[in-house]
Each structure stands twice: as structure tokens, then as C-alpha cells.
Amino acid sequence: MTDEAMRVLAEQAVPPSRLQAEGVLAVARSSARRRRLVAVMAAGALSAVALTGTAVAVSAGDGAGPPVVAGPATSGHPSKGGSTEASPPGPPPATVAPPNCTSAALAAPATAGPLTVDAIDPGGRYVVGLVEAGAEQRLVVWTDGTPATPGGGRNFSPHDVNATGVIAGAELADGGKSRAAVFSNGKLTRLPLPAGATASNAVGINARGDVVGDADFPGDRIKAVLWRAGASTPVVLAGGSQWATANGIADDGTVVGTLDDGGQPYTWDPSGTGHALPQPAAPDPGGKAWDVSGDWIVGWAGRTGTQPQPVRWNRRTGAVEAMPGLLAHEISATGVAVGVTSDLPGGPALWHNGVATLTGPGGGNGGELVDVSADGRTIIGNGGNGPAIWHC
């Protein structure tokens with residue numbers, strides 16, 4: 001795996017413990033969600049044979065142009081999860097030629113220090129990340145490629161940003177506990193805690209400003225939470241389990257996540273009703289849904305040995321497609337999934353009718369892709385030479 005993935009693998013338990021001090025670890029859940037996915041899946045990649053996959057219903061382009069998937073148009077209306085069963089596993093597809101993408105290093109802010117990116121907005125204009133400045137980390141916002149470190153962004157870990165530049169994340173609050181918060185127009189605003197909760201974390205935001213994440217409750221319970229735009233009271237999403245986490249939200253209000261920390265990939269429709277996502281045939285069931293955009297959901301479902309099986313779901317057709325060779329954590333509305341290759345030593349890659357690897361600035365091929373715009377044409381990532389952006 002990449003140096004970053006190996007570092008995370010060494011530092012984080014798999015699955016992550018919920019029993020440690022809430023403080024910095026709770027805030028780190030926000031900015032490290034993608035890296036935690038890589039660590040979880042890297043553990044399997046280091047100890048299992050190559051993943052066998054399934055090819056279903058949907059496919060990508062021919063590799064000659066930008067990574068746009070040929071498939072059903074975005075409907076904005078989710079299907080009820082579980083309506084279509086996946087095909088049985090088949091041989092993994094070959095690695096395909098990379099799309100025509102150009103890469104460039106992201107400009108560094110005036111504040112010196114190690115720099116990482118975490119999210120890009122659906123339109124590709126805003127990129128958010130963190131820069132280390134002495135003993136603290138500061139929010140960095142790139143607008144059309146120009147970086148800034150807004151003064152109100154200290155002690156705030158960004159996780160997602162919408163097309164108007166509103167950032168969802170978590171603040172390290174008084175007492176060392178994490179609080180879900182949004183950052184907009186230079187101002188940080190905490191989101192209200194659900195009744196009885198002791199800490200919270202925001203990981204996704206949609207165009208309307210609805211925010212999702214999770215909250216910690218006594219008894220080592222984690223619950224998925226939705227903060228609807230303009231509402232004063234958060235909604236705890238029903239899951240019927242001790243741990244239910246929300247990882248992303250679509251513009252139509254559909255939420256994706258997991259029950260029991262990988263026990264079941266899960267979705268909640270805009271009314272808040274939950275549905276289990278279908279899983280391909282695998283010896284060991286389970287999974288997580290990490291992101292949703294348009295008709296597409298990305299995550300993993302089922303394991304072969306200790307190796308989780310990366311998949312993408314089509315919400316409109318109900319089809320499930322395995323993505324062998326790619327550890328994916330974000331997806332575009334056109335179905336382009338981005339992440340890191342599962343084979344050693346790993347590198348930035350996307351799913352484009354198979355795994356396509358990308359080359360970073362200066363010819364570098366280390367690191368991982370961390371997010372993608374809605375049209376699949378603008379991608380960001382972290383590598384050995386710092387944050388980079390690809391235009392495809």
C-alpha cells in the first residue's frame with residue numbers, strides 16, 4: 001500500500017475502537033474517514049489473495065476520454081435497497097488504460113507545514129484540507145486553485161464541502177470532545193447535539209445544506225444523525241443496532257452508511273426509513289456504504305477471507321458491481337469511483353471499466369485519490385509530494 005495507508009494501518013485499530021478517549025480521536029474520525037477505509041481494506045489486502053469480482057449491468061467508458069460512465073441518467077430518486085440480487089463472482093477485469101487526465105500540485109498557503117486535502121465540492125471549485133502550523137492544524141480552503149487559511153477554522157477538521165462552499169466537519173470543543181460543525185463565510189457554527197449525546201461528528205453535506213454524521217451516546221453507542229437545513233433539532237436515524245453511522249448524503253436527502261461498524265451496508269431514504277443494501281455473494285457478509293452521488297453509491301460488501309469486496313451500487317437499477325483491485329471511498333454522479341489500488345505498493349486509481357491508475361505531478365504514482373467532482377472530471381488526492389489535482 002501507499003506510505004499513508006501503511007501509516008494509518010499501523011496507527012489505527014481495525015475496526016476502530018470506540019472505547020478510547022473521545023477528544024482528538026473523535027475529531028480525527030472526520031478528516032480520516034477515507035484513510036480509515038484504506039486501512040480497513042489494506043488489512044485484508046496484506047493477508048488475502050487477489051479479489052474475485054462481479055460484473056453487473058453498468059460499465060464505464062472506453063478509456064479514451066474523461067472517466068464518464070455510460071449508464072442510466074441520474075434520476076434523483078433512490079430505489080428501495082435490496083430489490084435486485086447481484087450476479088455471482090467472476091474473474092476480475094484487467095487493468096485498463098488511464099483516462100486522459102492532467103495533474104498539478106495544489107498551491108500551498110502562506111502558512112508552512114505538512115498539507116493534506118480532504119474534499120472537493122460537486123462543482124470542482126472548492127477544495128478543503130488541513131495544514132499543520134506548529135502544534136495546531138488549520139483549515140485550508142482552495143477557491144479556483146487559490147489557497148486561504150481562514151481565521152475561524154482552527155481546531156476544525158473538514159470532511160465535506162458543498163457547491164456553495166459550506167464545509168461540514170468537526171470541532172475539538174471544550175473538554176476535548178468532538179462537536180459536529182459547519183464552516184461558512186468565515187464563521188464556524190456548532191450543530192446541536194441530539195438529546196443524550198456526548199459528542200458528535202459531521203461527515204457529509206448536500207446542496208441544500210443538510211448534514212449527516214454520527215453522535216456518541218453513553219454505553220458505547222453510536223447513532224447516525226441527520227441535521228436538516230433550517231431545522232433546530234437533529235434527527236437520530238433508526239438503525240436497530242448499537243452502532244449506526246452515516247457517511248454521506250445525496251442532494252435528494254438519501255443517506256448512506258453502515259450498521260454495526262461493517263455489519264451491514266445501509267441506506268436511509270429521504271423520509272428517514274432505513275433499508276439494507278444488497279450484497280454480492282461472498283463467504284462472509286457485511287459492509288459499509290461510504291459515499292453517494294446521483295444514482296451511485298460506493299463502499300464494500302462482503303468479504304473473502306479478511307478481504308472486503310469493494311463495490312458500487314446503482315440506486316436506480318438496483319445493480320451491484322464489484323471493483324476488484326480498487327480500494328474506493330468516493331464516487332461521482334457519473335459512477336467514477338476513486339481511491340487507491342489494492343495491490344502493493346498501491347497508488348492513486350479510479351474505476352473506469354476496470355482499475356485505471358493515475359500519475360501525479362512530476363510523474364509520481366504514490367498516494368491516493370480522496371475525492372471527485374460530480375461530473376467525474378476533477379479529482380483530488382494526497383501523495384508523497386503533497387496534495388494534487390487532476391483534470392480529466
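Derivation of every value follows stated rules applied to the coordinates shown; laboratory data play no part. What you are looking at is a predicted structure, and each value in this text was computed from that prediction instead of being measured. Every residue, glycine among them, receives a Cβ derived from its backbone with ideal geometry; neighbour counts consider all protein chains shown.
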For region 303-352, diffusion coefficient by Stokes-Einstein and Kirkwood Rh (Cα), 4 °C, 1.567 mPa s, µm²/s: 113
For His329, His275, order by how many other beta-carbon atoms lie within 10 Å, fewest first: His275, His329
In Å, descending, principal axis extents of the Cα set of region 192-345: 44, 34, 30
Relative counts (whole %) of C-alpha pair distances in region 315-392, using bins that are 5 Å wide: 3, 17, 28, 26, 15, 6, 3, 1, 0
Fewest-first sequence of Lys177, Lys288, Lys187 by Cβ atoms within 10 Å of each Cβ: Lys187, Lys177, Lys288
Placed amide H near Gly263: partners under 5 Å, 5+ positions off or other chain: Gly287
Pairwise centroid distance, computed over Cα atoms, of region 117-156 with region 306-364, Å: 25
